[in-house]
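What follows is calculated from the coordinates using simple rules that are stated; it is not laboratory data. Fair warning: this is a prediction, and the values are worked out from it, not measured in the lab. Don't worry about glycine lacking a Cβ; one is built from the backbone with ideal geometry, like all the others, and counts go over all protein chains shown.
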Amino acid sequence: MTSELPASGEQAVRPTIKAVARHAEVSYQTVSNALNAPDRLKPATLARVLKSVEELGYQPSQAARNLRTQRTRLIGFRFEQTAGAGIASIEDRFLHAVCAAARDRGYGVIVFSAEDDDDEIAMYSDLTRRGAVDGFILMNSHRVDPRPAWLIERCIPFVCFGRPWQRTSRVHSWLDVDGGSGTYLAVRHLVEGRHRRIGFIGWPEGSEVGDDRHSGWLAATTEFGLPKRGLTVRGLDGIAVGTQLAEQLLSSAKPPSALVCVSDAMAVGAMHAAQQRGLVVGRDVAVVGFDDSPLATVVKPTLTSLRQPLESIAQKCIDLLVGHIDDPAKRAVTSVMEPTVIVRESSAVITDD
């Protein structure tokens, strides 16, 4: 085995794959197989090549590998400005988790904006036509969502954070949070704190995620024998709307002693409404939010909220997407994950005082 290590005092030159081949006394193709298809080599040959790679400090060129494999090692992701953004949106947290998970798998993320579904599809078309990405992660799925079908028809790898909200014969990989399970757990937590009249502040009927979260409240109130009539109010997301809706419930003849809210923004609004009426949140009325956003820990009292497992979902999304990129025929995988109740000061235990 010849040596190509630099002599003492000489400036080290970045070794090439040909240098590794000469050092290991094998062919250029054998080195390539050792790095990209090691199963093709005998164990002794593979060990000799890898020893030369280590001794020379050889690092394969990612750009050259991309050209050879026709891969960009980039993933596309639409960053959408949502209602309540900046105060309760989880999208920025999910994007951060996606970028971290992608980096661990040797991928980067191209973030782009779009006005609507059609504009997003136009971006898909442009990015794939230019060979700029290997696949996409979708978010904010909804009924009559044209994006999955467009990608499936063109055999473009993707994974969706969010379930399909309508029946379809075209199965694709997706992961989602069980919002109904989350609000069920919130009601159970409040029942354990001896609350019996538990109101729900939600989004307008027809909102897929909002209706899912409302279903958990309905299931829990039924199971625990709690009243329902007059205890649900709905409106667009936001602190101001949450304040108005909570005021409706708290000013009723039989006001609730606890409120489960569809989002943290709504929950903060509900806390404001209670405080404006002279009620002490966490003693006179309990409030639970959803998403465990940064709001939950900066308000006073701190807000009990349902935490979505965003890091786990992002990791699974990346793993699934890389699997589909590597093997387009790979079976679709779907999964629903349960949120966790993070108990803080705003959810009270009723005492006999």
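Taking the fewest neighbouring Cβ atoms within 10 Å as the starting point, the ordered list for HIS214, HIS96 is HIS96, HIS214.
Quick one: helix 208-223 against the long Cα principal axis of the chain, what's the angle to the nearest 10°, folded into 0 to 90? The helix 208-223 is inclined about 50 degrees to the chain. Past 23 Å, Cα to Cα: identify those pairs from LYS228/LYS254; LYS42/LYS330; LYS18/LYS51, in the order given. Over 23 Å Cα-Cα: LYS42/LYS330. For region 17-60, the residue among GLN29, VAL53, ILE17 whose Cα projects farthest onto the positive side of the dipole built from Cβ charges is GLN29.
Here the 3J(HN,Hα) profile of region 258-274, calculated from phi with Karplus coefficients 6.51, -1.76 and 1.60 at θ = phi - 60°, is 8, 10, 9, 10, 6, 8, 5, 4, 4, 5, 5, x, 5, 4, 4, 4, 5 Hz, Gly and Pro shown as x. Centre-to-centre separation between the Cα atoms of region 308-329 and those of region 167-197: 23 Å.
Tell me the angle of helix 310-326 to the major Cα principal axis of the chain, expressed in degrees between 0 and 90 and rounded to the nearest ten. So the inclination is approximately 40 degrees. The relative contact order of region 254-338, computed from alpha carbon pairs under 8 Å that lie at least 6 residues apart in sequence, is 24 percent. Angle of helix 117-129 to the longest C-alpha principal axis of the chain, folded into 0 to 90 degrees and rounded to 10: 10°. Taking the Cα centre of the chain as origin and assigning +1 to Lys and Arg Cβ atoms and -1 to Asp and Glu Cβ atoms, the resulting dipole is close to 740 debye.
Simple point charges give the picture: +1 on the Cβ of Lys and Arg, -1 on the Cβ of Asp and Glu, and for region 179-308 a dipole about the Cα centre of about 600 debye.
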